[in-house]
Amino acid sequence: MTDYDVLVVGAGPVGSTFARHMAEWGYDVAILEKKTEVGVPLQCAGLLGKKIKEVNILPEEYIINHVRGAYLHSPSDHILKVAKKETHAYVLDRIGYDKFLAELAVDTGADLLLKHNVVGVDTKSGKIKLAHGDEITADIIVGADGTKSVVSSAFNEPTTAFSAVQYLLQTEDVLETDFVDLHVKSEISPGFFWSIPLSDRVSRIGLFAQGNYAILNNFLMNFKNSNPKFKNSKILKKYYGAIPISQSRKNLVNKRTILLGDAASQVKPTTGGGLLIGFECAKIAAEAAINALENEDISLLKNYEAKYNHKFEKEFKTQNRVQKTFKLLNDSDLDEMFLKLKEKGAEDIISNYGDMDKQSYLVKEMIKRGLLTAVLPKVMYRSVSNIWNFF
Ligand SMILES: Cc1cc2nc3c(=O)[nH]c(=O)nc-3n(C[C@H](O)[C@H](O)[C@H](O)COP(=O)(O)OP(=O)(O)OC[C@H]3O[C@@H](n4cnc5c(N)ncnc54)[C@H](O)[C@@H]3O)c2cc1C
């Protein structure tokens, strides 16, 4: 007899959502969270495509701002404006939202056990070891314990990750609130800088890239000081985090154990955004877990991995190719590409076909119109063709 049907390690947004799905079906679920408080410190820019409302509950009170477009900046500041007529994304109060999702799981019947630091997992017997020495068992264990997942390390190599740094800024000037800014630069590629308005005087600016926090902090400080919009702004807070590098070969299921969210490296390869995919995966994983428990056949957990691959494999492949292509470009290539894109009317195409969560639509359209080849430097055709396999 086990202590619980399901143990979820990590009360992040994805773990709490999965736990709620299981509790809705009447299963005995506990969430083990090492921290004393859910949601802190903030490790997110909080930008989510509006599709989030189709994949999870999102009360209006956690939406700080509505966004309908983006300015894309090249290294020398050639700008592409991408605009939708209506809201395309929300900026969230992530701390509040994480707490809301955890409370919702508890209201639905899950136990939330704070100060429960998991230090070991036996994927075969379903036994979890806690830092304070206790052990706890379940039929199914779910590792939703983020980038440095202890659960994942029981059957995977350590997760590789980008570093991310973000500042909360109070600006002197009043800024536009319905557009975000994204800046590419070869020294941080395939990462990028972002600025996301929370209001007309408060913004989140940040970047993700390979490198340590000190290096990224320097990049971000230079970015802030050289950007006229933020030059005289005041830093209210600094945040640090990690974004898993998308890994197609990661094992998501091992015996009684599955991985979810950042622990499973389930992020968009191009932007590192993980919430929407994490919520979709929480649903797929819950279906597989319910099936396995109903049929008393733990091998049915494997359906989760199969369905996940089926749903996301193609999109991730495209995004990985976009990322690899960007990595080839130096600053002057990027400038040239932006100028050519503008000249060829790409702003309209991106505005019409761009979707921050499904980028393959846009890429397909650009390939169809011959734009990808037209905007890349000719000397790169060979290396780019190796990535895309189509010239
Ligand atoms: C700077 C930054 C900006 C980002 N911006 C965006 C964005 O704009 N949009 C977007 O979609 N995504 C964004 N992301 C990614 C997003 O934040 C993650 O994908 C998301 O938080 C993943 O949720 P999760 O529940 O899988 O993991 P997490 O949110 O990391 O939660 C994991 C939980 O597990 C707990 N835990 C860890 N180890 C243990 C243990 N051993 N025992 C018990 N508990 C444990 C942690 O304390 C934590 O509460 C950003 C990330 C960063 C770093």
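Values quoted throughout were computed directly from the atomic coordinates according to the rules given, and no laboratory measurement underlies them. Bear in mind the structure is a predicted one, so any value in this text is a computation, not a measurement. For neighbour counting, all protein chains shown are included, and Cβ atoms are generated from backbone atoms with ideal geometry for every residue, glycine included.
From the Cα gyration tensor of segment 246-323, with a ≥ b ≥ c the square roots of its eigenvalues, which class applies: rounded if a/c is under 1.5, or else prolate if a/b is larger than b/c, or else oblate? Cα axes put segment 246-323 in the prolate bin. Each label point was placed 7 Å from the Cα along the Cα-to-Cβ direction; for LYS364 and LYS124 their separation is 4.5 nm. Fewest-first ordering of SER195, SER360 by other beta carbons within 10 Å of each residue's beta carbon gives SER360, SER195. In this simple spin-label model, placing a label point 7 Å from the Cα along the Cα-to-Cβ direction at both ASN212 and LYS342 gives a separation of 3.9 nm. Residues considered: LEU216, LEU198, LEU175. Largest GNM mean-square fluctuation over the chain, using C-alpha springs under 10 Å, is found at LEU175. Normalising the average separation of contacting C-alpha pairs (under 8 angstrom, six or more residues apart) by the number of residues puts the relative contact order of the chain at 18 percent.
The residue among HIS73, TYR27, GLY133 whose Cα reaches farthest toward the positive pole of the charge dipole of the chain, with charges on the beta-carbon of Lys, Arg, Asp and Glu, is HIS73. Farthest towards the positive end of the charge dipole of segment 228-356, among the residues TYR239, VAL322, ILE284, is the Cα of TYR239, using unit charges on the Cβ of Lys, Arg, Asp and Glu. In this label model, ASN117 and SER383 are separated by 4.4 nm, measuring between points 7 Å along each Cα→Cβ vector.
Once C-alpha pairs closer than 8 Å and six or more residues apart are averaged by separation and normalised to the residue number of segment 329-388, the relative contact order reads 37 percent. Looking at segment 103-175, none of the chymotrypsin sites (Phe, Trp or Tyr not before Pro) sits in a DSSP loop with at most 15 other Cβ atoms within 10 Å of its own Cβ. If you wrap the Cα atoms of segment 204-284 in a convex hull and average its projected area over all directions, you get 7.2 nm².
Between SER385, SER248, PHE155, the Cα set farthest toward the positive side of the dipole of the chain (charges on each charged residue's Cβ, about the Cα centre) is that of SER385. With a Förster radius of 35 Å applied to the beta-carbon distance between ASN309 and LEU182, the computed FRET efficiency rounds to 0.75.
Measuring gaps between exposed loop sites in the chain (GluC sites (Glu not before Pro); DSSP loop; at most 10 other Cβ atoms within 10 Å), the longest gap, sites not included, is 87-295. Taking 0.36 nm per residue of separation and subtracting the current Cα-Cα distance, fully stretching the chain between ALA131 and SER332 would add 67.2 nm. Can you give the helix-only mean residue ellipticity at 222 nm for the chain, where every DSSP H stretch with n ≥ 4 adds -39500 (n - 2.57) and the sum goes over all residues, rounded to the nearest 500 deg cm²/dmol? Theoretical 222 nm ellipticity from helices: -11000 deg cm²/dmol.
For segment 97-127, the set of trypsin sites (Lys or Arg not before Pro) satisfying both a DSSP loop assignment and a count of at most 14 other C-beta atoms within 10 Å is given as LYS115, LYS124. Once each part is reduced to its C-alpha centroid, what is the distance from segment 312-386 to segment 18-55 in angstrom? A separation of 34 Å, based on Cα centres. One Cα centroid belongs to segment 219-247, the other to segment 156-197; the line between them spans 6 Å. Of the trypsin sites (Lys or Arg not before Pro) found in segment 216-320, those that fall in a DSSP loop while having at most 11 other beta-carbon atoms within 10 Å are ARG249. Principal axis extents of the Cα atoms in the chain, from largest to smallest and rounded to whole angstrom, are 67, 49, 38. When THR318, THR137, THR36 are arranged by Cβ crowding within 10 Å, least crowded first, meaning fewest neighbours, the order is THR36, THR137, THR318.
Between GLY146, GLY12, GLY211, find the one with the highest GNM mean-square fluctuation for the chain; connect C-alpha pairs within less than 10 Å. Of GLY146, GLY12, GLY211, the Gaussian network model singles out GLY211 as fluctuating most. Fewest neighbouring Cβ atoms within 10 Å first, the residues TRP25, TRP194 line up as TRP25, TRP194.
For segment 307-359, a/c is not less than 1.5, where a ≥ b ≥ c are the root eigenvalues of the C-alpha gyration tensor, and a/b does not top b/c. That puts it in the oblate class.
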